[in-house]
Amino acid sequence: MHFPLRYKQSKFGIVWCSTHGKPAVKPEFCNSLQQFFDLLYANKWMPNRIRKKGGKQRLVSDITRRLIKREVLNGSLRTAKEVHLKLEELGYSMSYQSAINALHSVEIFTEIKKKKPLLTAQHKKARLAWAKKLWNRRVISLD
């Protein structure tokens, strides 16, 4: 079903233009009726035109992300906190989580180190008792 375009024209150009009651093109972009129709049918008549990239721009540039990846793989940056400080040093004002997201974008994933308890005196005694109990047992090597 086709809905006709409705528009009002004044001495300042198109004030309001719509399809089905909703504004199609903002009036400040339309200096004339012809320009309005050019904008409205741009995709139909000019399919190969260069469009702006959609979406939110990345905070960290491609060059910086490659630099961070190289330094992490070389070992000069070992923790996400070091990466965050390096990015701030390079002039990127960002949160710690944004630094982790930048690492994820270059396929480097972080995780929190698990805390392991140290051996207690009781564990050491139990291990020594087990070793003394089996110290003369013969081992057959099947190499």
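Every condition in (1) under 30 Å from Arg66 (Cβ atoms); (2) modelled with pLDDT under 95 is met by Asn136 except one, and the failing one is (1).
With respect to the conditions (1) out of contact with any Ser or Thr (no Cβ under 9 Å at 6 or more places or on another chain); (2) at pLDDT below 90; (3) not β-branched (Val, Ile, Thr), Ser95 lacks only one, and its number is (2). Contact map, the stretch 106-121: residues that are surrounded by 10 or more Cβ atoms within 10 Å (Cβ to Cβ) paired with residues that are in a loop (DSSP other than H, G, I, E, B), Cβ distance under 9 Å, separation 6+ or inter-chain. Pairs shown: Thr110/Thr79.
The values are calculated or read from the model by the stated rules, or taken from the named source; none is laboratory data. Model, not experiment: these values are computed from the prediction. Positions of Cβ are backbone-derived with ideal geometry, glycine not excepted, and every protein chain shown enters the neighbour counts.
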